[in-house]
Amino acid sequence: MNLTSEPWGSIEPSDLLDPIGLLTDEHDRQLALGEALTRLADEPQGAGAARTAEAILGYLERRLPLHVAAEIEDFYPLLQGRAEYSDEFEQFLVAMREEHDADGTIAQELAEPLRAIASGKSPPDAGQFQTRVRRFTALQRRHLLWENQTILGLARKRLEPEDLARIGWKLAARYGVPHPEAARAQTADSQAPNPAANRAASAPDGKRKSAGETAFGRLTSRVFGRKKK
Ligand SMILES: [Fe+2]
Ligand SMILES: [Fe+2]
């Protein structure tokens, strides 16, 4: 799967060097997606609605499952191993699992009306679509708040640099994005050494894109005439 040209913003190799930042960026995108969904439910026939519905559908069906899998399989087990008893991480895990399940169920329920809008039609039941969108966005906001404040806060506190490096490699495999250190090793192996290219491959710019700077942020801004922060 090529994630570098998707409408909600790409995952770049340098993002893999900052896994917590990558997760935070995805959460920003999910908040932007929730806002776009709410507007779409209010105006399912508004200008640009079909394109927005298609972009949201793509995120919910392809990128959100990858994000959830990255949390459950890549982040949480390492964090569980580092957490201290007083962190009460087990309790968070139970709550997060329940919320991921609920999130997935509602996301599936949104697929049919989103497909209708993406093909230029009205959702089969506009009232039901609005209700589902409200449930989804309320759950999503609460979930993101928990994860940003609790889980990612704990990750910053407890994970060691080697844990983050391991997660970066796991995320590279999961998202199908080349790890910058793999590119560096490849360059070093080549017969014609190029120190400048090595430096370029191994030096992340350190800047993370906010949701408003991503293509998805620009898309929702264009469609709804509102700039993301
Ligand atoms: Fe998350
Ligand atoms: Fe999550």
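Derivation of every value follows stated rules applied to the coordinates shown; laboratory data play no part. As the structure is a prediction and not an experimental result, all values here were calculated from the model. Don't worry about glycine lacking a Cβ; one is built from the backbone with ideal geometry, like all the others, and counts go over all protein chains shown.
Okay, here's what the table says:
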| quantity | calculated |
| --- | --- |
| Label-to-label distance, nm, for residues given as residue 69 and residue 54 (7 Å Cα→Cβ offset) | 2.5 |
| Summed residue charge, Cβ within 13 Å of residue 146's Cβ, Lys/Arg positive, Asp/Glu negative | -3 |
| Distance (nanometres) between label positions extended 7 Å along Cα→Cβ at residue 149 and residue 47 | 3.8 |
| Inter-probe distance in nm under a simple model that places probes 7 Å from Cα toward Cβ, at residue 182 and residue 85 | 4.1 |
| Gyration tensor (Cα) of region 47-177, equivalent ellipsoid semi-axes in angstrom | 33, 17, 10 |
| Ascending count of other beta-carbon atoms within 10 Å, so fewest first, for 106, 11 | 106, 11 |
| Fewest-first ranking of 87, 42, using other Cβ atoms within 10 Å as the exposure measure | 42, 87 |
| Extension gain, residue 141 back to residue 18 (0.36 nm per residue minus Cα-Cα distance, nm) | 42.0 nm |
| Dipole of region 1-76 [Lys/Arg +1, Asp/Glu -1 at C-beta], most positive-end residue of 66, 40, 7 | 40 |
| Surrounding net charge for residue 30, when Lys and Arg each add one and Asp and Glu each subtract one, Cβ distance under 11 Å | -3 |
| Charge tally in the Cβ shell below 14 Å around residue 133, where Lys, Arg are +1 and Asp, Glu are -1, residue 133 excluded | -2 |
